[in-house]
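S.K.: Here it is, the structure in full.
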Amino acid sequence: MSGHGFASHYDDAQAIDSIRKPTAITETTIAEMREIMARYPEPRSALLPMLHLAQSIDGCVTDGAVKICADLLGISEAQVNGVATFYTMYKRREAGEHHIGVCTTSLCAVMGGDALIDQMKEKLGIDEGETTADGKFSLERLECNAACDFAPVMMVNWEFMDQMTPEKADKLIDALVAGQEVRATRGATITSFKQAERVLAGFPDGRADEGPSAAGASLAGLEIARQRGWKAPEVPQTPAIEGEEQ
Ligand code: FES
């Protein structure tokens, strides 16, 4: 390496953070992107849902989708890429029909998350960050899902699978392979990564109210508070600032 050169340790360094697969986004999706933009006072605030919509078509954020978003919002492709590479929910490799995430942050790890991800690697025959050859599954190691009270947790297309074991995870994959109806432990029907991404873009599929929004350990503290008549302290009124309307 000479002078100011940079030697990457990755074999595919030229491909990192760049998806050259052509985008399948059509005028219909572009019209939907404009619809999202119209929801915000500042159009560029729409970038996050627009990227989810792009993923609902391509399964990842392709270079073509980046250009479309940049053109529509009047910002640079670098700015769009800056967002798309910052948040881990935006994929730089095409996700499978079902995207499997396994939480291995502290609590899930000690409760069995490490064993779960090892089992999923073996069951699916892929490593983290990879997609099966048939495009059916992709696998990712996740940071804390804020569901530690149900550790260890997995996600399928962002739906929670609470208190998993390697055996339950194997059965889950078998059911998805067989095309059976699978429900998240919190009730929602598992659809597909692309369908879930469309919902995240703000196009509901009518399933938002399937299952409870909270249960079990998450509500234990609330139950105790109710039984004992505990209430949150009153929030003191903020003193008015001179010249500001209340
Ligand atoms: S550590 Fe896994 S959900 Fe918090």
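S.K.: Is it the case that segment 65-86 has a residue that's buried (at least 22 other Cβ atoms within 10 Å of the Cβ), without any contact (Cβ under 8 Å) to a residue 24 or more places away in the chain and not basic (Lys, Arg)?
M.R.: Yes, segment 65-86 has at least one match.
S.K.: Inside segment 169-185, can you point out the residues that are open to solvent by 20 Å² or more (accessible area, probe 1.4 Å) and within 16 Å of the ligand (Cβ to nearest atom)?
M.R.: Scanning segment 169-185 gives a single hit, 185.
For (1) closer than 25 Å to residue 144 by Cβ; (2) of a type in the set (A, V, I, L, M); (3) modelled with pLDDT under 95, each residue gets a yes or a no:
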| position | (1), (2), (3) |
| --- | --- |
| 168 | yes, no, no |
| 178 | no, yes, no |
| 183 | yes, no, yes |
| 196 | yes, yes, no |
| 204 | no, no, yes |
| 228 | no, no, no |
| 233 | no, no, yes |
| 237 | no, no, yes |
| 244 | no, no, yes |
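S.K.: Go through segment 143-155 and count every residue that is more than 7 Å from the ligand (Cβ to nearest atom) and open to solvent by less than 20 Å² (accessible area, probe 1.4 Å). Quick ask: steps written out before the conclusion?
M.R.: Step one: list which residues in segment 143-155 are more than 7 Å from the ligand (Cβ to nearest atom), which gives 143, 149-150, 154-155.
From what is left, the residues that are open to solvent by less than 20 Å² (accessible area, probe 1.4 Å) are 154-155.
Matching residues across segment 143-155 total 2.
S.K.: Further question: Can you spot a residue in segment 3-10 that is on the phi > 0 side of the Ramachandran plot, outside the structural domain of residue 77 (by TED's automatic domain parsing), modelled with pLDDT under 95 and part of a loop (DSSP other than H, G, I, E, B)?
M.R.: Within segment 3-10, one or more residues are on the phi > 0 side of the Ramachandran plot, outside the structural domain of residue 77 (by TED's automatic domain parsing), modelled with pLDDT under 95 and part of a loop (DSSP other than H, G, I, E, B).
S.K.: Then there's this: Given the conditions (1) touching a Phe, Trp or Tyr at 6+ places or on another chain (Cβ under 7 Å); (2) outside the structural domain of residue 113 (by TED's automatic domain parsing), and given that residue 186 satisfies all but one, which numbered condition is not satisfied?
M.R.: The number of the failed condition is (2).
S.K.: In segment 113-131, what residues are open to solvent by less than 20 Å² (accessible area, probe 1.4 Å) and more than 9 Å from the ligand (Cβ to nearest atom)?
M.R.: Correct list: 116, 117, 120, 126.
S.K.: Looking for whichever is closer than 29 Å to residue 173 by Cα and out of contact with any strand residue (DSSP E or B) (no Cβ under 6 Å at 6 or more places or on another chain) here; the options are 48, 107, 116, 72. Which one fits?
M.R.: 107
S.K.: Can you tell me which residue in segment 96-109 is nearest to the ligand (Cβ to nearest atom), limited to those that are surrounded by 24 or more Cβ atoms within 10 Å (Cβ to Cβ) and among the aliphatic types (A, V, I, L, M)?
M.R.: 102
The values are calculated or read from the model by the stated rules, or taken from the named source; none is laboratory data. Fair warning: this is a prediction, and the values are worked out from it, not measured in the lab. Heads up, the Cβs are rebuilt from the backbone with ideal geometry, glycines too, and the neighbour counts pull from every protein chain shown. Note: areas computed on protein heavy atoms with side chains; ligands, DNA, RNA excluded. Shrake-Rupley method; radii C 1.70, N 1.55, O 1.52, S 1.80 Å.
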